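These notes are about the structure you will find just below.
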Amino acid sequence: MPETRPIIRLLPGRDRRVKAGHPWAFSNEVAMTPAARALPPGSVVRLEGDDGTRHGAWHFNPHSLIAARRLDADPAAPCDAAWFRARLAEALALRGRLFEAPHYRLVHAEADGLPGLVIDRYGDVMALQANTAGMEAATPMILDALAGLIAPRGVVARNDSAVRGLEGLPEEVRLLAGDAAGAMVEEGGLRFPVDLLGGQKTGWFFDQREHRARVARLARGATVLDAFCHTGGFGIGCAFAGATAVTLLDRSEHALATARDAAALAGVDARVTTLRAEAMEALERMAGEERRFGVVIVDPPAFAKQRKDQPAALRAYGKLARLAAGLVERGGFLFIASCSHHVAPGDFADAVVWGVHRASRQGRAVHGRDARILHMGGAGPDHPLHPMLPESQYLKGMLLHLP
């Protein structure tokens, strides 16, 4: 019951961020009394300042660096099945305003008032990722709420994110309810197979939806290279938009096999070729062969897994931009992205500009590629940002024209 909920207090002078509306309280801001340390990870608590200020109801994990995550400004909020249903209903209503088809990220953690929870929707199938002890404990209530609101055919737990280790949780992928076989995602007039049990992340990168559409509009009549292609969302979209030839490059044969199925489903398989290789090595080899494409897309996995990786990651993004720009024919386009939240947008842009400037033109060492930036953006609107968590702006994308 809310009235018997444990009280966790912030240390004197350590409540400034929480008072400003930050949805996290770190372990060094909390009075870790023996009673607090004894609470089960994922407990719902009332968080208060040392001055008695009530900060609402929070999920608490005494063993995590982020010790508390805000659920509700009301310390008496029930945080029960009905509460979760109401939060999910709000998220569902917003996506209904944003999209015509039920294919989107339904819940994006803190920005949707459900810290640590990610849910992707593929029509009647869901992928659920609980990245905190609190959301792990609440998963049965979340499933009940989804059943009442959407009645999905199947729900898969994609609990294989490394961040779960920071909460003391194991990594796992398993079917939570129903049947997820034959899951599909619809985007831009296309349908793509999605392997929720064996694929990557939560099955599909909804965050790149708007970038995929933007790049596809430039692809008519062009040759396209889609590096780090995963299941081919960018490249197949380009082929469907009229690209003359598309090369999909990835190191995962499983991803490429799924991409070939998607190309066949879209009726563009005659113009789509897959290449299994380490992308950076393949780009260097193509540069040596003086190959050129009208559109080059490079959307790598995160180069900076931790803050200490940032300098090496920026060097890698610079090298990637140099190699990719060198493969773009005169007058062509380069799209490059980063999903490393430890790399700031400005730093990423600087690394890309550095790399493009040092790219060779037409195979000759000259003063580098001329370029104009056409677009800089982040994730789509189904990945909203919490205004007090700028670090959650993980996705950066740049579209450049190389005359």
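The values are calculated or read from the model by the stated rules, or taken from the named source; none is laboratory data. Just so we're clear, the structure is a prediction, and the values are computed from it rather than from any experiment. Cβ placement follows ideal geometry from the backbone for every residue including glycine, while neighbour counts extend to all protein chains displayed.
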Could you tell me whether LEU320 is touching a Pro at 6+ places or on another chain (Cβ under 7 Å), within 27 Å of ILE373 (Cβ to Cβ) and either in contact (Cβ under 8 Å) with a residue 60 or more places away in the chain or in the same structural domain as HIS383 (by TED's automatic domain parsing) (or both)? yes
Given the conditions (1) outside any loop (DSSP other than H, G, I, E, B); (2) out of contact with any Leu (no Cβ under 6 Å at 6 or more places or on another chain), and given that VAL155 satisfies all but one, which numbered condition is not satisfied? (2)
Pull out all pairs, ordered by first then second residue, where Cβ-Cβ is under 8 Å, the residues are six or more apart or on different chains, the first lies in region 144-155 and is under 14 Å from LEU196 (Cα atoms) and at pLDDT 95 or above, and the second is surrounded by 15 or more Cβ atoms within 10 Å (Cβ to Cβ) and polar (S, T, N, Q). none
If GLY237 meets every condition in (1) farther than 30 Å from PHE60 by Cα; (2) out of contact with any Lys or Arg (no Cβ under 6 Å at 6 or more places or on another chain); (3) not assigned by TED's automatic domain parsing to the domain that holds ALA133; (4) not polar (S, T, N, Q) apart from one, which number is that one? (2)
Flagged in region 296-338 as surrounded by 21 or more Cβ atoms within 10 Å (Cβ to Cβ) and in a strand (DSSP E or B), in numbering order, are VAL296, ILE297, VAL298, VAL328, GLY332, PHE333, LEU334, PHE335, ILE336, ALA337, SER338
Which of the numbered conditions does ARG292 fail, given that it passes all the others? Conditions: (1) over 24 Å from VAL343 (Cα atoms); (2) within 21 Å of the chain's Cα centre (by Cα); (3) modelled with pLDDT of 95 or more. (2)
Considering residues of region 222-256 that are outside any loop (DSSP other than H, G, I, E, B) and polar (S, T, N, Q) only, the residue nearest to the chain's Cα centre (by Cα): THR247
Is it true that GLU290 is surrounded by fewer than 17 Cβ atoms within 10 Å (Cβ to Cβ) and part of a helix (DSSP H, G or I)? no
Out of ARG14, ARG46, I need the residue that is part of a strand (DSSP E or B), among the charged types (D, E, K, R) and outside the structural domain of PRO140 (by TED's automatic domain parsing). Which one? ARG46
